[in-house]
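What follows is a single structure, written as structure tokens, with notes after it.
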Amino acid sequence: VEFIMHLVCYFDGACWPNPNGHAASGALILRDGETVYAGAKYIGCRNTSNNVAEYHGLIQVLEKLIELQPESMTIFGDADLVIKQMKGEWKVRVPKGNEKPKYYIPYYWTSCFLCLYRWACCFNYWG
């Protein structure tokens, strides 16, 4: 009998007050109900938002998945913006010229996440 390493991953982030408050993120990875990784990170209190914190949680998961090299995975999060951008359902907005939106997820972040997400998609598993 061959066993497949399947990991179940969760990420989350929060900022209070939102935006520009103190922000933190967290990630949890389980295998057969046992904790493989649990981590939390304080992000800071400048240029922060709930979405920025959520992205930080996702990157914690994806970085750990690169290290663990699982055969399959399911990733759960509750941030519409992050999940829909990663799935390609919503576009990643890039500011034009001198335009600087009040709050946005910097394009270089989303490009890094998209690369890592595409790596994760090689396993065809996103919950």
**Request:** Using only the Cα atoms of the stretch 22-94, build the gyration tensor, take square roots of its eigenvalues as a ≥ b ≥ c, and label the shape rounded, prolate or oblate: rounded if a/c is under 1.5, else prolate if a/b is larger than b/c, else oblate.
**Result:** oblate
**Item:** Cβ-defined net charge surrounding ASP78, 9 Å radius [Lys, Arg +1; Asp, Glu -1]
**Value:** -3
**Asked** Among 11-22, 46-57, what's the highest-first ranking by average C-beta atoms within 10 angstrom per residue?
**Response** 46-57, 11-22
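Quick note: the coordinates plus some simple rules give every number you see, no bench work behind them. What you see is a predicted model, and the numbers here were worked out from it, not measured in a lab. Cβ coordinates were reconstructed from backbone atoms using ideal geometry, including for glycine residues, and neighbour counts include every protein chain displayed.
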